[in-house]
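Input: a single structure, listed below in structure tokens.
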Amino acid sequence: MTSGIRFAGVSVAYGGHTVLDSLDLTVEPGEVMALLGPSGSGKTTALRTVAGFVRPAAGRVFIGDRDVTDLPPYQRDIGMVVQSYALFPHLRVEDNVAFGLKARKAPKSEIPGRVAEALEMTGMAAYARRYPRELSGGQQQRVAIARALAIRPNVLLLDEPLSALDAQLRSGMLAELAKLHRELPEVSFLYVTHDQVEALTLADRIAVMDRARLQDCGTPQELYRRPRTAFTASFVGNANLLPVTVGTDGVTLDGTADGVALDVPVADAAPGATATLCVRPHLVGLGEGPNALRGRIAEVQWRGATHRLYVDVAGGHRVKADVRELRETPALGDAVTLHFAREDAVLLAAGVTDG
């Protein structure tokens, strides 16, 4: 059976409340697809429908070319990793990894080799005889991944697998997962997370979920550099979202008495239409330049290599700028000028402002 996942109009409801609404999405064979969204957006429900733990109220789920909607989990050829690890505390590492193979009645002669292969792949071969309580959180998560890989699934489901780890361990595990994917190019990964850094780092494509629906889907670069919706802009990365009115060759910042004009691409937007202007904070400079916005410092945050400045500009709007660490930090209330380049601005449909 080939890998890959396809949601065809999948809806899920609990007690009359829709938690996943008409999801159409394809994960290509060998692709890492991240489902990214806030809590309650439907991303974990989508993953659980693939696993077979949730039955859709409507629609079908396919793994490869096979309709698995009516199949139990053990017949779906999937591996699954959850944030709680779900290891058996009374079993040694090697026995935890062998559990899925034994449950599937794999030939006894094959099990030791498959276990050793999975542990080697995840860097846990030296810990085969230990118990879970003798391992760190990151090591336990590696064992959980090894157990999922030992059955040689076509699809690997990961549900917030790194959320229980500290920042340093999380960074290391992201690198390990990326390496793992390179070693298993035929396996499709469906990765659920609310952490944008995880999604941007690991995924080939990101599906952005909100309020039970798919809002956007694209490569990390597409969604970050040229988001199609205000929600995507605010959730994938950080963004300044400003309300504007479209002109013939630019826009005017709403709420300003003198009509601050900004030179940005307007594409096919009709003159007089309202829209939302998106500019990433790291693309906003301090000092004079094109598309100048004058205002006063409302807050300053030191972030090591950068300072984040929050500046109240004309029209009552607050703009964020991430600038290189300043030798002299501006004081609250200081007058400053921000600027950004025409090519760094993206015009979106109206709907979200001051993000």
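The values are calculated or read from the model by the stated rules, or taken from the named source; none is laboratory data. In this text, all values refer to a predicted model and were calculated from it rather than measured experimentally. For neighbour counting, all protein chains shown are included, and Cβ atoms are generated from backbone atoms with ideal geometry for every residue, glycine included.
Structure data summary
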quantity	calculated
Residue count for the range 182-199, restricted to those that are over 25 Å from S22 (Cα atoms) and either surrounded by fewer than 20 Cβ atoms within 10 Å (Cβ to Cβ) or hydrophobic (A, V, I, L, M, F, W, C) (or both)	7
Where L169 falls short, out of the listed (1) modelled with pLDDT under 90; (2) in contact with a Pro (Cβ under 6 Å, 6 or more places away or on another chain)	(2)
Any pair with Cβ under 8 angstrom, 6 or more apart, that starts in the range 94-107 at a residue that is assigned by TED's automatic domain parsing to the domain that holds I145 and ends at one that is surrounded by fewer than 21 Cβ atoms within 10 Å (Cβ to Cβ) and acidic (D, E)	L101/E110
V319 vs. criteria crowded, with 19+ Cβ neighbours inside 10 Å, in contact with a strand residue (DSSP E or B) (Cβ under 9 Å, 6 or more places away or on another chain), on the phi < 0 side of the Ramachandran plot and not basic (K, R)	yes
Breaking point among (1) in contact (Cβ under 8 Å) with a residue 24 or more places away in the chain; (2) of a type in the set (A, V, I, L, M); (3) farther than 21 Å from A230 by Cβ, for V251	(3)
Complete set of residues in the range 225-245 that are surrounded by 22 or more Cβ atoms within 10 Å (Cβ to Cβ) and touching a Pro at 6+ places or on another chain (Cβ under 6 Å)	A233
Any pair with Cβ under 6 angstrom, 6 or more apart, that starts in the range 34-57 at a residue that is outside the structural domain of L162 (by TED's automatic domain parsing) and in contact (Cβ under 8 Å) with a residue 12 or more places away in the chain and ends at one that is in a helix (DSSP H, G or I) and of a type in the set (S, T, N, Q)	none
Wholly within the range 1-91, strands (runs of 3 or more DSSP E) carrying at least 1 residues that are among the acidic types (D, E)	17-27
Elements of type strands (runs of 3 or more DSSP E) in the range 202-251, at least 2 residues being under 26 Å from V10 (Cβ atoms)	205-210, 213-218
Pair list, Cβ under 9 Å, 6 or more apart: the range 126-147 residue in contact (Cβ under 8 Å) with a residue 12 or more places away in the chain and within 14 Å of L177 (Cα to Cα), other residue small (G, A, S) and in a helix (DSSP H, G or I)	G138/G172; I145/A118; A146/A118
Condition check for Y131: of a type in the set (S, T, Y), in the same structural domain as T193 (by TED's automatic domain parsing), in contact with a helix residue (DSSP H, G or I) (Cβ under 9 Å, 6 or more places away or on another chain) and over 21 Å from L156 (Cα atoms)	yes
Residue match in the range 150-168 (condition: buried (at least 19 other Cβ atoms within 10 Å of the Cβ) and charged (D, E, K, R))	yes
